[in-house]
Amino acid sequence: MDMMFPLITVGIVVLNRDWIIERMLASLHSQTYPHNKIFVLMVDGGSTDRTVDIAKKFLENSDFYGYKIIVEKCSIPEGRNLCIKNMKGDFLLFWDSDVLMEPEAMRLFIETMRKEKADIVTANAHFIFVSRTDEIESKIDISRTCFTDSCILEVPNCGMGHTLISKKVFDAVRFDPDLTIAEDLDFSVKSRMRGFKIIMDKRIRVFDVNVIKKDYSDIHIDMPLKNAVRGIRKKAKAHVLAYSFKINLKGMLKFFLKNKRYIFYLGYAPMAFLSALGIFYHSLYLSITLPVYLLAFLALQIKKRGLRKGLNSTLRSLLVGFPFSLCLAYYFIKETMHR
């Protein structure tokens, strides 16, 4: 029995998720994997809502192997490292607080890890968007659309919202606290480069819940500026190395065309150059190039996010987006030339 169903720690890194945490825990409780082989470990980064109270009440009445709730001010990578430090058993399943899974998910994670001799197994999440939380259940479809072996493939990277990791990986790799975002890409790339195998199983039905016109998922804008600026170079390198097993110029063009906002951010450089030329040669039209470029972006952001967040987003496009985009281009070129 222990060989078939090893003890798994479910690591939940959470902050202000009282709108979804009970549904997430109910999804965990619906798992057909033996509950006496599930240890629940929640790391709360300092919620100001009822997240911890709701979770504690639910877990007190559950039949899991056990649970632990750690309340500590921390970033996402720091929270993930706390999960590693406090895990029980030989496997850790990172399960984000806004993710719901089909009842067979945990069984499939373990089954695939064994069959593929993998060290990390992830799923391909389906994003669902709702106006109200009471619409969530009607949006979920657990019918399986992927049955064949081609649904199970080796991948160059993975997110951490729904990923099972063998404990031996943690002996070599931890999450970088400088990476306030992209900590999952950096972790998976470092794991791959150390010879660990990452498998995606598209058969596993996972749902990432997003509430339309709410602030829940706008972390890039709400994050303190010092955290957004922190580790820009590392974040860019992680994005590049995680993009593909083989980095080349064709891949670089494909990446930037898919993520057009980075092309826009890079446009600040020529716009600034043209404005400088306009000032030097006393050309009004040239001198206003950069201000017009900025105002166009500001108008779009205000329409999308409102005045306060629109102004915030525009400022960050200069202080964070532009240097990040430059680093992306640098690492794509560097990796292409190196290979």
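Checked against (1) touching a strand residue (DSSP E or B) at 6+ places or on another chain (Cβ under 7 Å); (2) farther than 13 Å from Val13 by Cβ; (3) among the basic types (Lys, Arg); (4) in contact (Cβ under 8 Å) with a residue 24 or more places away in the chain, Arg80 passes all but condition (2).
Residue count for the stretch 92-145 satisfying the condition of being surrounded by 15 or more Cβ atoms within 10 Å (Cβ to Cβ), of a type in the set (Gly, Ala, Ser) and not in a helix (DSSP H, G or I): 4. Any chance you could count how many residues in the stretch 264-283 are free of Cβ contacts under 8 Å to residues at least 24 places away in the same chain and either open to solvent by 50 Å² or more (accessible area, probe 1.4 Å) or within 18 Å of Ser317 (Cβ to Cβ) (or both)? Count: 12.
Each row is one residue, and each column tells you yes or no for (1) surrounded by 15 or more Cβ atoms within 10 Å (Cβ to Cβ); (2) modelled with pLDDT under 95; (3) not in a helix (DSSP H, G or I).
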residue: Val13; (1), (2), (3): yes, no, yes
residue: Trp19; (1), (2), (3): yes, yes, yes
residue: Met24; (1), (2), (3): yes, no, no
residue: Thr32; (1), (2), (3): no, no, yes
residue: Asn36; (1), (2), (3): no, no, no
residue: Phe39; (1), (2), (3): yes, no, yes
residue: Met42; (1), (2), (3): yes, no, yes
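Checking each residue in the stretch 291-339 for being surrounded by fewer than 17 Cβ atoms within 10 Å (Cβ to Cβ), within 27 Å of Leu277 (Cβ to Cβ), among the β-branched types (Val, Ile, Thr) and in contact (Cβ under 8 Å) with a residue 12 or more places away in the chain picks out only Ile333. Reported count of residues in the stretch 229-273, each being assigned to a helix (DSSP H, G or I), closer than 16 Å to Ile333 by Cα and among the aromatic types (Phe, Trp, Tyr), is 4.
The values are calculated or read from the model by the stated rules, or taken from the named source; none is laboratory data. What you see is a predicted model, and the numbers here were worked out from it, not measured in a lab. Reconstructed Cβ throughout: ideal geometry from the backbone, glycine too, with neighbour counts over all protein chains shown. We work out accessible area using only protein heavy atoms, side chains counted, and drop any ligands, DNA or RNA first. Shrake-Rupley method; radii C 1.70, N 1.55, O 1.52, S 1.80 Å.
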